[in-house]
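Here's the structure, in structure tokens; my notes come after.
The values are calculated or read from the model by the stated rules, or taken from the named source; none is laboratory data. Worth saying up front: this structure is predicted, and the values here are computed from it rather than measured. Glycine gets a Cβ as well: all are built from the backbone with ideal geometry, and neighbour counts include every protein chain shown. Please note that ligands, DNA and RNA were not included when accessible areas were found on the heavy atoms of the full protein model with its side chains. Shrake-Rupley method; radii C 1.70, N 1.55, O 1.52, S 1.80 Å.
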Amino acid sequence: MKISVRQICFILLCYNAVSKMLLYPTVLSHYCGRDLLFAALIDFAVQAVVVWAVSFLCSRTDKTFFQLLEGTFGNIFARIIYGLFALFFIAATIVPLCEQKLYVHTIFYDTVPPLLIFLPFFFFSIYAAGKKFTNIGRSADVCMPIFVLSMIFVFSMSVLEIKWNSFMPVLKTPVKDLFGGALGTVFRFAEPCYVLMFMGHFKYKKGDAAKMTFSYIGGALTVLLFLFTFYGIYGDIAQSRQFAVSKISLFFPAIDTIGRIDLIALYILEIVMLFALVLNVQLALHCVMQCTGYQNRVVLSLAVNAVLIILLMVFDHGFNNLHTFYAKWMWIAFAVFANAIPVLAWTLRRKER
């Protein structure tokens, strides 16, 4: 087997959490104000059900998703679907990629041109994307303890600054705005697709579906705690505070005397963020390989990353327009690829265990 259940659980927990700590809290604050937790809960609840559905499907078959498609509709149809998934994973990478570029420039290297700073990321991405699922799992093993330590550090400097009255009165936001916030940020939720792609590449044991689902819920609870902390500190002005993870510890008293010690945790957490970002690239390459039958990982990794570099340059000065487009329209693609298709995978012909 290429990846273990433990490693998938780590991915569903820590990658899920860190991918929603930059602009997601800011945007959700704009949509829903003090009731942002309820909008986030809607999305997480839906995704948790889909993660469980795909995880439990793994208990019914040893086949990969490609093999299920091929056995039901034929090889050509399976290749087409994987080609579409490759495009989906590339699309799922664009906004987080632009966010990371802006974040790294703003927080760490604000005197250097942002595009110049972030281009070295692609050396890492080209190398990592060319690796197999085994390496994805090993990366998750490394990232999990880093994530736990850095989050303990960040939360310990933040929770005492929460103003509890920031959330009062509760549920005064119109229902339309709550669901609008959930729908407008759903393009940040692709985790069920990860389990779908890992299907057949790990050895399923009894109870593994529960482990993966609860791991996802653990990541969701981390994000909800993060949102609670962020809005509890900034209140009504939270919607104007970008890159939330760098903002929630600013009022820690010791910072005034010894400086930005929180940057230590942010630098460490950035490692996990980069691995979470490159996972979409790795899965896009996997789908391209299945679609084309071409097995040269180096060439394909260069090609996929070249596409991302071009897209990054195209949207270098148009991120606001890009984000608006994703918020308005990309929920359709994510509803299909991250929700509908994983659930419909139950209808594919399979050999029961």
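Taking the centroid of alpha carbons for each part, region 256-306 and region 229-245 are 27 Å apart. About the centre of its Cα atoms, region 61-176 shows a dipole size close to 200 debye [charges on the beta carbon of Lys, Arg (+1) and Asp, Glu (-1) only; nearest 20 debye].
Here the dipole of region 1-148 is about 400 debye; that uses its Cα centre as origin and unit charges on the Cβ of Lys and Arg (positive) and Asp and Glu (negative). For region 69-85, backbone phi angles converted through the Karplus equation (6.51, -1.76, 1.60; θ = phi - 60°) give residue-by-residue couplings of 4, 5, x, 9, 10, x, 5, 5, 4, 4, 5, 5, 4, 5, x, 5, 5 Hz, Gly and Pro being listed as x.
A crude spin-label estimate for the pair residue 166 and residue 328, with each label 7 Å from Cα along the Cβ direction, gives 3.0 nm.
Counting only protein heavy atoms and a probe of 1.4 Å, the accessible surface of region 1-146 is 69% carbon and sulfur. Of the solvent-accessible surface of region 225-293, computed with a 1.4 Å probe and all protein chains present, 64% belongs to carbon and sulfur.
Report note on the peptides 161-174, 313-326, 116-129, 266-279: ranked by the mean count of other C-beta atoms within 10 Å, highest first, their order is 266-279, 116-129, 313-326, 161-174.
Taken about its Cα centre, the chain carries a charge dipole of roughly 1200 debye when the Cβ of each Lys and Arg holds +1 and the Cβ of each Asp and Glu holds -1.
Dipole of the chain computed with +1 at Lys/Arg Cβ and -1 at Asp/Glu Cβ about the Cα centre; of 235, 322, 139, farthest Cα towards the positive end is 139.
Peptides 78-91, 284-297 ordered by packing proxy, namely the average of other Cβ atoms within 10 Å per residue, highest first: 78-91, 284-297. If you take the Cα centroid of region 41-99 and the Cα centroid of region 153-173, the two points sit 36 Å apart. Give me, ordered by chain and number, the residues 5 or more places off residue 330 or on other chains with an amide H under 5 Å from its own placed amide H. The list, which skips near neighbours in sequence, is empty: none.
Labels on offer are (i) 22.0; (ii) 20.8; (iii) 22.9, and the one holding Kirkwood radius over Cα pairs in Å computed from this structure is (ii).
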